[in-house]
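Colleague: My questions all concern the structure below.
No lab work stands behind these numbers, since they all come straight from the coordinates. Not measured: the values here are computed from a predicted model. Cβ sites come from the backbone with ideal geometry, for glycine too, and all protein chains shown count toward neighbours.
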Amino acid sequence: MPGERDLTKLLSGMQPQLNAGRYVFTTVPDSREVPGGVRPVATVAEDEGLTLVVPQEEADRAGLGYDYVAAWITLRVHSALDAVGLTGAFATALAEAGLSCNVVAGFHHDHLFVPYEQAEQAVEILKALSGQGA
């Protein structure tokens with residue numbers, strides 16, 4: 001089934017889901033190998049090495065460094081990869097509240113990584129944007 005492209009439907013159907021746990025962005029310099037015992041939720045191959053988004057406890061066990069601890073929010077709407085405006089809409093709403101947001105697009109859903117301490121605030125902002133807020 002193809003993903004949604006209509007911005008109004010995308011926004012109203014976001015259904016932000018806060019995933020349990022604390023997540024970190026780390027890197028394995030000059031490598032394309034994921035260390036044993038680490039199960040990334042996302043990877044990005046860069047010239048400088050392999051970026052991993054992993055549960056904080058896995059990074060700690062593997063001795064991987066990081067400086068940003070995030071909460072992971074999944075937008076449950078099935079967005080098309082060529083949809084226009086969704087990222088801009090939620091990024092603007094979060095930015096207006098002073099929240100940073102790192103976005104990873106999966107085939108079916110967008111995944112947002114926001115400062116861990118501001119996770120509930122981010123979910124409320126996203127719900128309000130979708131028309132589901134208080």
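Colleague: If you take the beta carbon distance between ASP30 and HIS78 as r and set R0 to 25 Å, what does 1/(1 + (r/R0)^6) give as a FRET efficiency, to the nearest 0.05?
Modeller: 0.10
Colleague: Right, next: Where does the charge balance sit around ASP47 when Lys and Arg score +1, Asp and Glu -1, over other residues with C-beta under 13 Å from its C-beta?
Modeller: That sum, taken over residues with Cβ under 13 Å, equals -2.
Colleague: Here's something else I'd like to know. In the neighborhood of GLU4, defined by Cβ-to-Cβ distances under 13 Å, what is the net charge if each Lys or Arg adds +1 and each Asp or Glu adds -1?
Modeller: Net of charged neighbours comes to 0.
Colleague: Mind listing which GluC sites (Glu not before Pro) in the stretch 1-71 are in a DSSP loop and have 13 or fewer other Cβ atoms within 10 Å?
Modeller: Here the sparse-neighbourhood loop sites are GLU33, GLU48.
Colleague: With a sphere of radius 14 Å drawn around the Cβ of THR87, what net charge do the other residues whose Cβ falls strictly inside it have (Lys, Arg +1; Asp, Glu -1)?
Modeller: After counting each charged neighbour, the total is -2.
Colleague: Also, quick follow-up: Relative contact order for the chain using alpha-carbon pairs under 8 Å, separation at least 6, rounded to a whole percent?
Modeller: That works out to 31 percent.
Colleague: Right, here's the next one. Can you give me the pair-distance distribution of the chain, C-alpha pairs, 5 Å bins, whole percents?
Modeller: For the chain, the pair-distance distribution reads 2, 11, 20, 20, 18, 14, 10, 5, 1, 0.
Colleague: Continuing with this model, one more query. Note the angle between two axes, namely the Cα long axis of helix 119-130 and the longest principal axis of the Cα atoms of the chain, as a number of degrees from 0 to 90, rounded to the nearest 10.
Modeller: Relative to the chain, helix 119-130 is tipped by roughly 30 degrees.
Colleague: Against the longest alpha carbon principal axis of the chain, how many degrees, from 0 to 90 and to the nearest 10, is the axis of helix 86-96 turned?
Modeller: 80
Colleague: For the chain, the longest stretch holding no trypsin sites (Lys or Arg not before Pro) located in a DSSP loop with at most 16 other Cβ atoms within 10 Å is which?
Modeller: Maximal segment without exposed cleavage sites: 77-134.
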